[in-house]
Amino acid sequence: MSDIPGGPMANRPVHFIWLIDCSYSMQGDKIAQLNYAIREAIPEMRSVAHDNPAAQLLLRTVTFSTTARWHHRTPVPVDDFTWQDVQVDGMTNLGEALQLVSQELQSPPMPQRALKPVLALVSDGVPTDDWKAGLKAIDATPWGRKAVRVAIAIGGDADRGVLQEFLGNPELQPLDANNPKQLAAAIRWASTAAVKAASQPVAGPAETAAKQPYAPPVLPDDDDDDVW
């Protein structure tokens, strides 16, 4: 028997989608640390999901370089999810990635009754395609407008202005990850706090997103750590 009020039907999905920059500027230590950080964050995501039994956490990943593609296309329950390392290749076609995700934020394929999706963007550079068209496509979808959004800027070359516009909220700022320790902390926070925020119910897919109910963390600053 389910201990969720209302029984099994009270369980609603939370779709968590990583958007990962896999351009050539991410090669070497950056991509290795990113793969490690996400892999290590999965157990904490499971813990958060178990603490919120009314939410079914489903994970997916989009990578973008010279093209955008699904790295994990089918939504996978967090208990069954295994991170598969991403590789670098080419340019930074963020707009194409946003267009790809926007197709999944319609109803269908998104259910009519669900919790807010989470869009977590990680990038270290400047988009090389029409990213504004991709962002408009996200914002034109009912679930895209209410999504909990997180942006992580890896290194000093990341276009923070683009990441700020992606967030769609002047009160929020991208997380700056200038070394491996900060990246690990940012990934860990994005993987847990955003899920908690998304687990708050919404009335329906026509509702427009209001202020997002979370505050960004203070990331560790270690001058002895490697700086990108």
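Take T192 and tell me if it is at pLDDT below 95 and among the β-branched types (V, I, T). Yes, satisfied. Given the structure, is A185 in contact with a strand residue (DSSP E or B) (Cβ under 9 Å, 6 or more places away or on another chain) and crowded, with 21+ Cβ neighbours inside 10 Å? So A185 fails the test.
A quick yes/no check of all residues on (1) within 24 Å of I42 (Cβ to Cβ); (2) touching a Lys or Arg at 6+ places or on another chain (Cβ under 9 Å):
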| position | (1), (2) |
| --- | --- |
| V86 | yes, no |
| L100 | yes, yes |
| V122 | yes, no |
| W131 | no, no |
| L135 | no, no |
| A140 | no, no |
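Touching a helix residue (DSSP H, G or I) at 6+ places or on another chain (Cβ under 9 Å), surrounded by 13 or more Cβ atoms within 10 Å (Cβ to Cβ) and polar (S, T, N, Q): does that describe T92? Yes; evaluated as a whole, the condition is true for this residue. Scanning the range 143-167 for residues that are buried (at least 18 other Cβ atoms within 10 Å of the Cβ), in contact with a helix residue (DSSP H, G or I) (Cβ under 9 Å, 6 or more places away or on another chain) and closer than 18 Å to F16 by Cβ returns W143, G144, A147, V148, R149, V150, A151, I152, F166. Entry remark, the range 171-199: residues being more than 12 Å from the chain's Cα centre (by Cα), within 30 Å of N11 (Cβ to Cβ) and among the charged types (D, E, K, R) number 1 in total. If I ask for residues that are assigned to a helix (DSSP H, G or I) and in contact with a Ser or Thr (Cβ under 7 Å, 6 or more places away or on another chain), which ones from the range 144-162 would you list? If the condition is that a residue be assigned to a helix (DSSP H, G or I) and in contact with a Ser or Thr (Cβ under 7 Å, 6 or more places away or on another chain), then G144, R145, K146 are the ones that fit.
For the range 128-142, the set of residues classified as more than 17 Å from the chain's Cα centre (by Cα) and either closer than 21 Å to S23 by Cβ or among the charged types (D, E, K, R) (or both) consists of T128, D129, D130, K132, A133, K136, listed by residue number. Does any residue of the range 107-123 turn out to be under 14 Å from L19 (Cα atoms), of a type outside the set (S, T, Y), out of contact with any Asp or Glu (no Cβ under 6 Å at 6 or more places or on another chain) and surrounded by fewer than 21 Cβ atoms within 10 Å (Cβ to Cβ)? Scanning the range 107-123, I find no residue that is under 14 Å from L19 (Cα atoms), of a type outside the set (S, T, Y), out of contact with any Asp or Glu (no Cβ under 6 Å at 6 or more places or on another chain) and surrounded by fewer than 21 Cβ atoms within 10 Å (Cβ to Cβ), so the answer is no.
The values are calculated or read from the model by the stated rules, or taken from the named source; none is laboratory data. This structure is a prediction, so every number in the text was calculated from the model and none was measured. A quick note on method: Cβ atoms are made from the backbone with ideal geometry, for glycine too, and the neighbour counts reach across all protein chains shown.
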